[in-house]
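Notes to accompany the following structure.
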Amino acid sequence: MNILLIITPYSPAQTPNTLRWIPIIKHWQTVGYSVTVLTTKWRNSVEFEELDGVDIYRTGYNTLLDWFYNKFSISNRRNKVGNNKLKKPNIFKRGIEKLVDVFWRKRYWPDGSVLFLKPGKKLGDKLITAKKITHVISVGLPFTNHLICKSLKVKNPKLFWLMDIQDPFSFSDQFWVNNFDKYAIKNIEEEGKCFETADKITVTNDQAYNLYTDLFEMQKEKLFVIPPLISLQESTPKTHKHYDESKINIAYFGSFYEKVRSPFRFLMMLDFILKKHPQKLANAHFHFFGEQNKFSAPIFHMFKQLVPYITHHGYLRRLELSSHVKHMDMLLNFGNQTNYHLPSKVVEYIYFNKPLINIVTIEDDSSYEFLKGKLEILNLKMSKIDVEKNAELFLDFIEKRDSEFNIKGVQPFLPKSISKQYKDLMV
């Protein structure tokens with residue numbers, strides 16, 4: 001089986017999609033499958049390289065900002081390890097992003113990765129022949145990847161195309177994909193064409209499955225659910241001496257996105273506790289691991305009074321996380337404001353087996369449904385904006401507890417199991 005995987009961005013970018021697919025590729029290599037990756041350019045990267053036995057071809061750009069960063073050799077970009085602890089906004093960078101918002105984001109289609117579309121089709125055509133490709137897999141979002149695969153499939157009908165939907169497209173109106181006021185109908189039409197052309201289609205959760213079967217009922221037989229993945233890679237044992245073990249250390253690993261996931265109401269609750277129960281808040285310390293962007297950074301800056309209780313660690317390598325988790329007494333999850341996006345980290349919560357505080361903003365929260373009965377969890381329904389009640393529940397819940405990693409609980413989500421589910425669809 002010779003597979004062409006179309007995904008953007010790819011390593012060295014660290015995204016939920018790369019964290020999912022790199023372990024799958026490694027497992028497939030052990031059973032003799034050949035995998036070639038078609039992705040976008042990265043600063044200082046070459047157009048072709050072999051990395052861990054995988055041929056990687058790069059063309060086009062993941063976003064207009066990536067093109068700009070490459071053009072002017074700017075190293076600080078999204079999804080890069082080392083970015084960023086909470087900093088004051090860079091005026092120059094914010095200015096560029098504002099120009100992109102006004103003159104680019106409201107006009108492009110299908111999404112911000114459109115600069116990958118034409119060069120991706122062109123290089124993909126060459127790779128199909130040169131590599132004797134038998135199977136193509138597109139990972140989206142971005143939807144651009146699916147359009148590249150559709151073009152390859154139309155030109156090469158014998159190709160097997162697996163359309164892997166990590167994030168939905170045509171009904172994803174909360175998470176910015178493109179200008180829905182302008183393109184809503186076109187989005188549905190074009191995704192429908194992809195559903196007709198693809199051989200098999202995968203999503204990560206039942207909510208997305210149900211929405212897609214309602215939207216494209218004729219293609220229901222092609223659609224399957226393959227859940228999130230966790231890769232239990234060994235991390236370098238490390239003790240972080242700067243943690244105050246006398247405190248109740250509580251951590252969130254992830255990012256925030258406008259209209260999807262916000263820290264605002266949680267910080268409001270902490271501010272309420274600071275005013276009403278300052279000593280109780282002083283017993284806890286909150287750690288945020290991940291990149292703070294133009295949406296989330298200003299929210300944290302609004303709550304300057306909470307600075308002594310919060311540490312921002314920035315964007316870390318996946319291998320480093322376990323060494324930090326062992327210092328934590330509890331973990332935080334911020335549920336999405338959509339029920340069809342399932343955060344990939346939910347499986348990691350099962351493995352880490354720490355008491356979890358789940359910030360819920362909608363009734364049918366996907367994280368709540370997935371994690372129910374799998375670990376000790378407090379669901380704080382922030383959608384009701386009952387700050388005092390939530391503060392009481394929160395303070396009653398937080399305390400130090402002993403826990404051990406739950407390897408048995410994540411067996412169905414390991415690369416071997418997830419890889420087999422994909423493989424079974426392609427044979």
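If you check every pair at least six apart or on different chains, which have Cβ atoms under 6 Å apart with a residue in segment 169-185 that is of a type in the set (F, W, Y) first and a residue that is assigned to a loop (DSSP other than H, G, I, E, B) second? Hits for this filter: F169/F143; F175/V260; F180/D173; Y183/W109. The set of residues in segment 136-163 being part of a strand (DSSP E or B) and out of contact with any Phe, Trp or Tyr (no Cβ under 6 Å at 6 or more places or on another chain) consists of I137, S138, V139, G140, F160, W161, L162, M163.
When segment 114-135 is filtered for residues that are over 20 Å from T202 (Cβ atoms), of a type in the set (S, T, N, Q) and assigned to a loop (DSSP other than H, G, I, E, B), nothing remains.
Can you tell me which residue in segment 357-377 is surrounded by the most Cβ atoms within 10 Å (Cβ to Cβ), limited to those that are at pLDDT below 95, within 23 Å of I248 (Cα to Cα) and aliphatic (A, V, I, L, M)? For segment 357-377, the residue satisfying everything is I359.
Can you pull out the residues in segment 19-61 that are of a type in the set (D, E) and outside any strand (DSSP E or B)? E47, D52, listed by residue number. When K259 is tested against (1) free of Cβ contacts under 8 Å to residues at least 40 places away in the same chain; (2) in the same structural domain as I377 (by TED's automatic domain parsing); (3) under 25 Å from the mean Cα position of the chain (by Cα), just one condition goes unmet, and that condition is (1). Of the strands (runs of 3 or more DSSP E) lying entirely inside segment 230-331, those carrying at least 1 residues that are surrounded by fewer than 19 Cβ atoms within 10 Å (Cβ to Cβ) and modelled with pLDDT under 90 are 310-314. In this structure, does N187 turn out to be at pLDDT 95 or above, in contact with a Ser or Thr (Cβ under 8 Å, 6 or more places away or on another chain) and closer than 24 Å to H341 by Cα? It is true that N187 is at pLDDT 95 or above, in contact with a Ser or Thr (Cβ under 8 Å, 6 or more places away or on another chain) and closer than 24 Å to H341 by Cα.
Would you confirm whether or not segment 192-205 contains a residue that is closer than 18 Å to N62 by Cβ, in contact with a helix residue (DSSP H, G or I) (Cβ under 8 Å, 6 or more places away or on another chain) and modelled with pLDDT of 95 or more? No, the conditions are met nowhere in segment 192-205.
Residue-wise test of (1) touching a residue at least 24 places away in the same chain (Cβ under 8 Å); (2) under 27 Å from H324 (Cβ atoms); (3) in contact with a strand residue (DSSP E or B) (Cβ under 8 Å, 6 or more places away or on another chain); (4) among the hydrophobic types (A, V, I, L, M, F, W, C).
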{"site": "P355", "(1), (2), (3), (4)": "yes, yes, yes, no"}
{"site": "L371", "(1), (2), (3), (4)": "yes, yes, yes, yes"}
{"site": "L378", "(1), (2), (3), (4)": "no, yes, yes, yes"}
{"site": "K389", "(1), (2), (3), (4)": "no, no, no, no"}
{"site": "F394", "(1), (2), (3), (4)": "yes, yes, yes, yes"}
{"site": "K400", "(1), (2), (3), (4)": "yes, yes, yes, no"}
{"site": "I407", "(1), (2), (3), (4)": "yes, yes, no, yes"}
{"site": "Q411", "(1), (2), (3), (4)": "no, yes, no, no"}
{"site": "M426", "(1), (2), (3), (4)": "yes, no, yes, yes"}
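When every residue of segment 299-306 is checked against the conditions, none turns out to be under 15 Å from I250 (Cβ atoms) and aromatic (F, W, Y).
Restricting the first residue to segment 121-149 and requiring it to be in the same structural domain as L162 (by TED's automatic domain parsing), which pairs with a second residue that is part of a helix (DSSP H, G or I) and aromatic (F, W, Y) meet a Cβ separation below 6 Å and a spacing of at least six or different chains? Between residues of segment 121-149 that are in the same structural domain as L162 (by TED's automatic domain parsing) and residues that are part of a helix (DSSP H, G or I) and aromatic (F, W, Y), the close pairs are T144/F116.
Per-residue answers, yes or no, for (1) assigned by TED's automatic domain parsing to the domain that holds G112; (2) charged (D, E, K, R); (3) over 22 Å from S151 (Cα atoms):
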residue: I7; (1), (2), (3): yes, no, no
residue: A13; (1), (2), (3): yes, no, yes
residue: G32; (1), (2), (3): yes, no, yes
residue: E49; (1), (2), (3): yes, yes, yes
residue: V54; (1), (2), (3): yes, no, yes
residue: Y57; (1), (2), (3): yes, no, no
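Checked against the criterion of being basic (K, R) and in contact with a strand residue (DSSP E or B) (Cβ under 7 Å, 6 or more places away or on another chain), the candidates K182, K200, K121 yield just one match: K200.
The values are calculated or read from the model by the stated rules, or taken from the named source; none is laboratory data. If you're wondering where the values come from, they're calculated on a predicted model, not measured in any experiment. Virtual Cβ from ideal backbone geometry, glycine too; neighbours counted across all protein chains shown.
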